[in-house]
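The values are calculated or read from the model by the stated rules, or taken from the named source; none is laboratory data. Predicted model only: the values in this text are computed from it and were never measured. Here the Cβ is made from the backbone with ideal geometry for all residues, glycine too, and neighbour counts use every protein chain on show. To get the accessible areas, we keep the full protein, side chains included, count just its heavy atoms, and leave off ligands, DNA and RNA. Shrake-Rupley method; radii C 1.70, N 1.55, O 1.52, S 1.80 Å.
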Amino acid sequence: MAVIVNQEKCIGCGACVPSCPFGAIEMRGDKAYITEACTMCGACISVCPVEAIFREEIERNVAMDKTEYKGVWVFIEQSHGEIKGVAHELLGEGRKLADELGEELAGVLIGNGVEAQAKDVFASGADKVYLVEGPEYDHYNTEAYTVAFVDLIQKYKPSAILVGATNDGRDLGPRVAARVRTGLCADCTNLSIDAETKLVLWTRPAFGGNIMADILCPEHRPQMGTVRPKVFKKPTPDFSRTGEIVKVASKVKESDLKVKLLEILAVCTSNCKLEEADIIVSGGRGLGKPENFAAVEALAEAMGGAVGASRAAVDAGWKPALHQVGQTGKTVGPKIYIACGISGAIQHLAGMSSSDTIIAINKDADAPIFKVADYGIVGDVMEVLPLLTAEFAKYRAACK
Ligand code: FAD
Ligand code: SF4
Ligand code: SF4
């Protein structure tokens, strides 16, 4: 499907340009053109006075032989040779899907000098590792990783691909899906095999988290999806497992690389590494003002934890977005999650309800957060937080 301007009909009135919410229409001379930014929302179609804009069905993959596509793949996201937790989580889940299909599970490992990590990929359940190495993969680079991944798909034809819904995974997954002309189900919270079709059943929240949607990709291959970190538990590694390493030469050319990495700025300190944290102390609008976030940070520091925030706190500018927990923020699964002055909206719960132990501090005894909390403290957060911080600081000092 594509949205197109019939150039012969277009009279150059320009009415369609402001109608596009994505800035995807350009006037070139006296004709309108739709650019790559088009999301095919269709908002411009009814605006055109001469009906020059229309949707065109493009026949894609008509000759695709779906039976050629076999096996479940997991993108092994790594940084400086250290595999991200989400890759292990997806290997554990991918193993179950592959076993149910009677197919193999493979990890896609792209990087520079990362071959040694293959043993960890096997230990988490893979039968095979597709390895692409080179200096161009030293740091994540959209074009380089896309070229490598697409080349692997075209050569080895997997049936399903799981990618972590991290910053890099959310960048890579959709781009790869678009290049190989398949669909991608984003931010899945459950994966299974549909008994009737044997397709992957991608489950994700829809309509603001009010329903769970089950999504299939029946016409195209590979079936692709991103899954948030911490939705699944990491499998226990079995280092007696081994597998086959398939080394594939890099296909990236200098001309593929449109972006060059000049410098890495460390904006994230240990207290914002929420996905990896065992303890998270999160603050919400109930803190009252930005300065009061210091009390949340002090408790996190005393407990050796990370600092989270509700979207209300982030939207108010009290904390940067990389601290946000929830449906449009990070999904976390710490051992202890302390919600301070957070009401417990469904979109917040979507990001933290799998925490092992939830503690809520709220002055309203009827706040929804208490329905999911294991321990609740009804009180003023600014009175409770300093007391907890002092106790934990004493405890930590005594443990030293
Ligand atoms: P509020 O709902 O205003 O709650 C503040 C709480 O603090 C109240 O329960 C109040 O009783 C308590 N309180 C007030 N004063 C004190 C005090 N002195 N001591 C103790 N308690 C006090 N939200 C997220 O968090 N993450 C998301 O990713 C997210 N994504 C969203 C996506 C969509 C599509 C939509 C529509 C919304 C999303 N939201 C998200 C917003 C969400 O619906 C809520 O608006 C938000 O979580 C509310 O934040 P809050 O709990 O901090 O604020
Ligand atoms: Fe813009 Fe939507 Fe028209 Fe595409 S279909 S050009 S995104 S208004
Ligand atoms: Fe052309 Fe129609 Fe856009 Fe006018 S509204 S510029 S006629 S496509």
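Taking ALA398 as the residue in question, decide whether it is without any contact (Cβ under 8 Å) to a residue 24 or more places away in the chain, under 25 Å from VAL227 (Cβ atoms) and either among the hydroxyl-bearing types (Ser, Thr, Tyr) or open to solvent by 50 Å² or more (accessible area, probe 1.4 Å) (or both).
On the way: without any contact (Cβ under 8 Å) to a residue 24 or more places away in the chain: yes; under 25 Å from VAL227 (Cβ atoms): no; either among the hydroxyl-bearing types (Ser, Thr, Tyr) or open to solvent by 50 Å² or more (accessible area, probe 1.4 Å) (or both): yes.
In short, no.
Being assigned to a loop (DSSP other than H, G, I, E, B) and closer than 15 Å to TYR337 by Cα is the filter here; which residues of segment 277-307 pass it?
From segment 277-307, those assigned to a loop (DSSP other than H, G, I, E, B) are 277-278, 284, 288-289, 304-305; that's our starting set.
Selection gives ALA277, ASP278, GLY284, GLY304, GLY305.
Mind checking whether some residue in segment 63-71 is in contact with a Leu (Cβ under 7 Å, 6 or more places away or on another chain) and β-branched (Val, Ile, Thr)?
no
Go through segment 199-238 and count every residue that is part of a loop (DSSP other than H, G, I, E, B) and either within 25 Å of GLU68 (Cα to Cα) or within 16 Å of ligand 3 (Cβ to nearest atom) (or both). Steps first, answer last, please.
Going residue by residue through segment 199-238, those that are part of a loop (DSSP other than H, G, I, E, B) are 199, 207-210, 216-222, 228-238.
Restricting the remaining residues to those that are either within 25 Å of GLU68 (Cα to Cα) or within 16 Å of ligand 3 (Cβ to nearest atom) (or both) gives 199, 216-222.
Counting residues in segment 199-238 that are part of a loop (DSSP other than H, G, I, E, B) and either within 25 Å of GLU68 (Cα to Cα) or within 16 Å of ligand 3 (Cβ to nearest atom) (or both) gives 8.
Quick test for you: out of ALA339, ALA345, pick the one residue that is aliphatic (A, V, I, L, M) and surrounded by fewer than 21 Cβ atoms within 10 Å (Cβ to Cβ). Before the answer, list the steps.
Numbers: ALA339 fails: surrounded by fewer than 21 Cβ atoms within 10 Å (Cβ to Cβ).
From the options ALA339, ALA345, the qualifying one is ALA345.
Of the residues GLU68, GLU8, GLU77, GLU36, which is within 30 Å of ALA123 (Cα to Cα) and either within 16 Å of ligand 1 (Cβ to nearest atom) or at pLDDT below 95 (or both)?
Numbers: GLU8 fails: within 30 Å of ALA123 (Cα to Cα); GLU77 fails: either within 16 Å of ligand 1 (Cβ to nearest atom) or at pLDDT below 95 (or both); GLU36 fails: within 30 Å of ALA123 (Cα to Cα).
Unique residue meeting the criteria: GLU68.
Condition first: at pLDDT below 95, surrounded by fewer than 24 Cβ atoms within 10 Å (Cβ to Cβ) and under 20 Å from the mean Cα position of the chain (by Cα). Can you find one or more residues in segment 92-109 that meet it? Walk me through how you get there before you give the answer.
Within segment 92-109, the first condition is being at pLDDT below 95, and the residues that meet it are none.
Within segment 92-109, none of the residues are at pLDDT below 95, surrounded by fewer than 24 Cβ atoms within 10 Å (Cβ to Cβ) and under 20 Å from the mean Cα position of the chain (by Cα).
Six or more apart or on different chains, Cβ atoms under 7 Å: show the pairs whose first residue is in segment 18-31 and outside any helix (DSSP H, G or I) and whose second is open to solvent by 80 Å² or more (accessible area, probe 1.4 Å) and more than 13 Å from ligand 2 (Cβ to nearest atom).
none
Hey, any hits in segment 65-83 for a residue that's exposed (fewer than 11 other Cβ atoms within 10 Å of the Cβ) and among the polar types (S, T, N, Q)?
Scanning segment 65-83, I find at least one residue that is exposed (fewer than 11 other Cβ atoms within 10 Å of the Cβ) and among the polar types (S, T, N, Q), so the answer is yes.
List the number of the failed condition for HIS80; all other conditions in (1) under 20 Å from the mean Cα position of the chain (by Cα); (2) on the phi > 0 side of the Ramachandran plot; (3) in contact (Cβ under 8 Å) with a residue 24 or more places away in the chain hold.
All conditions pass for HIS80, except number (3).
Could we say that SER192 is without any contact (Cβ under 8 Å) to a residue 60 or more places away in the chain and of a type in the set (Ser, Thr, Tyr) here? Step through it out loud before you land on a result.
Working: without any contact (Cβ under 8 Å) to a residue 60 or more places away in the chain: no; of a type in the set (Ser, Thr, Tyr): yes.
Against the criterion (without any contact (Cβ under 8 Å) to a residue 60 or more places away in the chain and of a type in the set (Ser, Thr, Tyr)), SER192 does not qualify.
The conditions are (1) assigned to a loop (DSSP other than H, G, I, E, B); (2) in contact with a Gly (Cβ under 8 Å, 6 or more places away or on another chain); (3) open to solvent by less than 30 Å² (accessible area, probe 1.4 Å), and ALA360 fails exactly one of them. Which is it?
(1)
Just give me the residues in segment 307-322 being open to solvent by 10 Å² or more (accessible area, probe 1.4 Å), touching a helix residue (DSSP H, G or I) at 6+ places or on another chain (Cβ under 6 Å) and either more than 7 Å from ligand 1 (Cβ to nearest atom) or not assigned by TED's automatic domain parsing to the domain that holds LYS371 (or both), in sequence order. Reasoning before the result, please.
Keep residues of segment 307-322 that are open to solvent by 10 Å² or more (accessible area, probe 1.4 Å), which gives 310-312, 314-322.
Filter once more, keeping what is touching a helix residue (DSSP H, G or I) at 6+ places or on another chain (Cβ under 6 Å): 310, 312, 314, 318-319, 321-322.
Once the filter is applied, which keeps residues that are open to solvent by 10 Å² or more (accessible area, probe 1.4 Å), touching a helix residue (DSSP H, G or I) at 6+ places or on another chain (Cβ under 6 Å) and either more than 7 Å from ligand 1 (Cβ to nearest atom) or not assigned by TED's automatic domain parsing to the domain that holds LYS371 (or both), segment 307-322 yields VAL314, TRP318, LYS319, ALA321, LEU322.
Do you know which of the residues in segment 364-381 that are closer than 14 Å to ILE338 by Cα and aliphatic (A, V, I, L, M) is most open to solvent (accessible area, probe 1.4 Å)?
Residue satisfying both the conditions and the ranking: VAL378.
Do you know which of the residues in segment 2-17 that are free of Cβ contacts under 8 Å to residues at least 40 places away in the same chain and open to solvent by less than 30 Å² (accessible area, probe 1.4 Å) is nearest to ligand 2 (Cβ to nearest atom)?
CYS16
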